[in-house]
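Encoded as structure tokens, the structure appears first; notes follow it.
Only the coordinates and a few stated rules stand behind these numbers; no lab work does. Small disclaimer: the values here were computed from a predicted structure and weren't measured. Ideal geometry is used to build each Cβ from the backbone, glycine not excepted, and the neighbour counts take in all protein chains shown.
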There are 2 protein chains.
Amino acid sequence: MIEYYLSWGIQAEKAFRYVYSTNIPKIDITEISNIVFIGMGGSGIVGDLAASLAYNRLGVPVFSIKDYRLPMWVNKNTLVISISYSGNTRETVLATYEALKRGSHVITVSSGGILRRLSEKYNLPHISIEGGLVPRAALPAMLYTVLALLERMGFTIVSKDEINRSIENLKLWCNSREVDSEAKDLATFLKESIPVVVSCSKFSPLAYRLKNEFNENSKIPVKVEIVPEWGHNDIVGWEKPPATSNMKCLIVNCNEDKCKHLLNFVKEAISRVNIKCYTLNLKGDSDLNKLMYGCLVGGLASVYLARFRGVNPIETTSISMYKNIIVKLIKINIV
Amino acid sequence: MIEYYLSWGIQAEKAFRYVYSTNIPKIDITEISNIVFIGMGGSGIVGDLAASLAYNRLGVPVFSIKDYRLPMWVNKNTLVISISYSGNTRETVLATYEALKRGSHVITVSSGGILRRLSEKYNLPHISIEGGLVPRAALPAMLYTVLALLERMGFTIVSKDEINRSIENLKLWCNSREVDSEAKDLATFLKESIPVVVSCSKFSPLAYRLKNEFNENSKIPVKVEIVPEWGHNDIVGWEKPPATSNMKCLIVNCNEDKCKHLLNFVKEAISRVNIKCYTLNLKGDSDLNKLMYGCLVGGLASVYLARFRGVNPIETTSISMYKNIIVKLIKINIV
């Protein structure tokens, strides 16, 4: 599994180059009043990351939807980007089909599956991503596809130059002893614990990404908290937590402005009840760099933790069981 | 504290009647391309609940923002509803002031404080809510104010008739032995545990509301999970959780369509590792009714659990400490 993560620099570059070499849909962007990402799990997080990157940069609202239900306001002025690594995620396919019926501008991103066939049948723009990877380890393939696509369409949330620089950084980090060592330290810290991952709102998709990695690779439950909201309710839960609690706290620190003070306060408050804290300081000079640094360290750490626990990081038996249920609940007779 | 919850029917009715007796802002609703709620904690959850109720009913996107940062796309075509029970929540005031500078249509809702003074100074529509309550127990005062306000403005997410019926239901539930008994059962079940609250996406604001109630009233940490996303990552965390885990699962069941099957599957998967599950079946014939039923039972249960644990449900010392930090980080020199 480690080798998938260590190829992230190359994976990102391939995806980026592919988008710049292929035809992309011509859409009059003045017609678009909002952008909706549809996706679940390791594909859904791409929408969260894009929405967070767009927050301070795009004049159009970006929503990330992790559901088979589509909100009523999705219409012909909505740009819908549907992402499913396999292309077979039932929730995503159903919501995408609904968007299609409403006349939205739909673009699909997958390595194949129903989503690709749906696109062929209804003549929707489809962007292929590299196949044969473990979906959650295909994050750069999906994310850089989307960032490059949006940049080419005129919805620039990360400039071409910034994307390029982040790919160079990723390549360096994939070969960096410090990154590997940080991942091992983090995995060692989290042994035998239920992690509580805390970040600021801008980096909340990273906190959720780390949760998902520890869920899937390390097979442990994880709790996520986001500041400033944390200071209005969850904080009180640490005044007198139940005695048998085996939680440990992972603080994701962007080191920006107010965030570092707030996150330092989180550390103090949680340490007071003898819960140990580990601070992951995000490296990089842009939001994208910081997000990818955190994703890489977290991904590697979750695999190391799986090794410590004697579990197979790749196998996710229970997700297969879930999929058996969802295919019965969501019948796809479209393609 | 219990008595605050038991007055919810009357509290909701007062708020509802007040909005129908007062002047409300005249806004050309065709000018509005999106609606943004700003609020934190017990006030912020109102935006989550409204956004969820609007999901299938409103042709305009509704966002709930729990941050001092405002997304770039908030502009003169945005209707901003800022809610702070005290009116002094720094994050909310700062984001509201930013919306004001961008020329958004801003309406403020508070029992007083800076938000009211800001509204007076800049001639913003302000809706007063009943003062002297514990903020989190003032949920109906805030929620029914907002629902009635939106209905009167022409953004009907819940009809006047539906609001009225839910108030009648709330009154009945406040005097119902079954509701009280369900709350006590739930509190007893959750003794000495860290709850994991699971719901479907439509009822996710209720799951977060329950978390916040157990945080603030019972002083315990809580984890929240939402289906269908849960089946794509968190599920794996229950394959082999750390041995010392003292979690218990609270399933919030709307009993709708696909949800009940998915939530039943959650129960099976989590029970397999000997984690006990309690199913809270939401009563009522509308989404609003179901949400309020869950909020009431959860609120009462969190107070009973506080009693079992020997903690004071009203006092939230650590939130006061947080507020000392945030007032230093966010200086308000506006009013």
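I'd like the Karplus ³J(HN,Hα) series for region A:174-184: coefficients 6.51, -1.76, 1.60, θ = phi - 60°, whole numbers in Hz, and an x wherever there's a Gly or Pro.
Whole-Hz 3J(HN,Hα) from phi for region A:174-184: 5, 10, 9, 5, 5, 5, 4, 5, 5, 4, 5.
Pull up all non-local amide H partners of A:Glu256: gap of 5 or more, or a different chain, and H-to-H distance under 5 Å with H placed in the peptide plane.
Amide H neighbours of A:Glu256, under 5 Å, 5+ apart: none.
Between A:Asn212, A:Asn289, A:Asn274, find the one with the highest GNM mean-square fluctuation for chain A; connect C-alpha pairs within less than 10 Å.
A:Asn274
Distance check, please: which entries in A:Lys66/A:Lys223; A:Lys331/B:Lys267; B:Lys121/B:Lys328; A:Lys191/B:Lys276; A:Lys101/A:Lys211; A:Lys66/A:Lys290 exceed 30 angstrom between their Cα atoms?
Violating the 30 Å Cα-Cα cut-off are A:Lys101/A:Lys211.
Find how many whole Å separate the alpha carbon centroid of region A:258-335 from the alpha carbon centroid of region A:102-167.
Here the answer is 22 Å between Cα centres.
Amide H to amide H, which residues 5 or more places from A:Val36 or on other chains are under 5 Å from it, using H placed in the peptide plane?
When sequence neighbours closer than 5 places are left aside, the close amide H contacts are A:Phe63, A:Leu79, A:Val80, A:Ile81.
Report, to the nearest 10°, how far helix A:317-329 tilts away from the longest principal axis of the Cα atoms in chain A, using its own Cα long axis and a range of 0 to 90°.
40
Short version: ³J(HN,Hα) in whole Hz for each residue of region B:124-129, in order, from phi by Karplus 6.51 cos²θ - 1.76 cosθ + 1.60 (θ = phi - 60°), x for Gly and Pro, what are they?
8, x, 10, 10, 7, 10
Can you pull the semi-axes for the protein assembly as shown, root of five times each eigenvalue of the Cα gyration tensor, sorted largest first, whole Å?
Whole-Å semi-axes of the equivalent ellipsoid: 36, 30, 25.
Choose one answer from A:Gly87, A:Gly42, A:Gly113: the residue with the largest mean-square fluctuation in a GNM of chain A with alpha-carbon springs under 10 Å.
Taking springs between Cα atoms under 10 Å, the residue moving most is A:Gly113.
Check the straight Cα-Cα distances from B:Lys160 and name the aspartates and glutamates below 18 Å, setting aside those fewer than 8 residues away within the same chain.
In chain and number order, the partners are B:Glu13, B:Glu151, B:Glu168, B:Asp285, B:Asp287.
What number, in percent, do you get for the relative contact order of chain B if the mean sequence gap of Cα pairs under 8 Å and at least 6 apart is divided by its residue count?
The value is 19 percent.
Please compute the modelled spin-label separation between A:Ile2 and B:Lys191, points set 7 Å along Cα→Cβ, answer in nm with one decimal.
4.8
Read phi for every residue in region B:138-150 and hand back ³J(HN,Hα) as whole Hz from Karplus 6.51 cos²θ - 1.76 cosθ + 1.60, θ = phi - 60°, with x for Gly and Pro.
Calculated HN-Hα couplings, in order: 9, 3, x, 4, 6, 5, 6, 4, 5, 5, 5, 4, 5 Hz.
Looking only at region B:10-40, which residues have a backbone nitrogen under 20 Å from a spot 7 Å from the Cα of B:Asn175 in the C-beta direction?
Within reach of a label on B:Asn175: B:10-17.
Choose one answer from B:Phe214, B:Phe265, B:Phe203: the residue with the largest mean-square fluctuation in a GNM of chain B with alpha-carbon springs under 10 Å.
Most flexible of the set in this elastic network: B:Phe265.
Between A:Asn164 and B:Asp161, how high is the FRET efficiency from 1/(1 + (r/R0)^6) when r is the Cβ-Cβ distance and R₀ = 51 Å? Nearest 0.05.
Working from the Cβ atoms, E equals 0.35.
Mean residue ellipticity at 222 nm from the helices of the protein assembly as shown, using -39,500 (n - 2.57) per DSSP H segment of n ≥ 4 over the full residue count, to the nearest 500 deg cm²/dmol?
-15500 deg cm²/dmol
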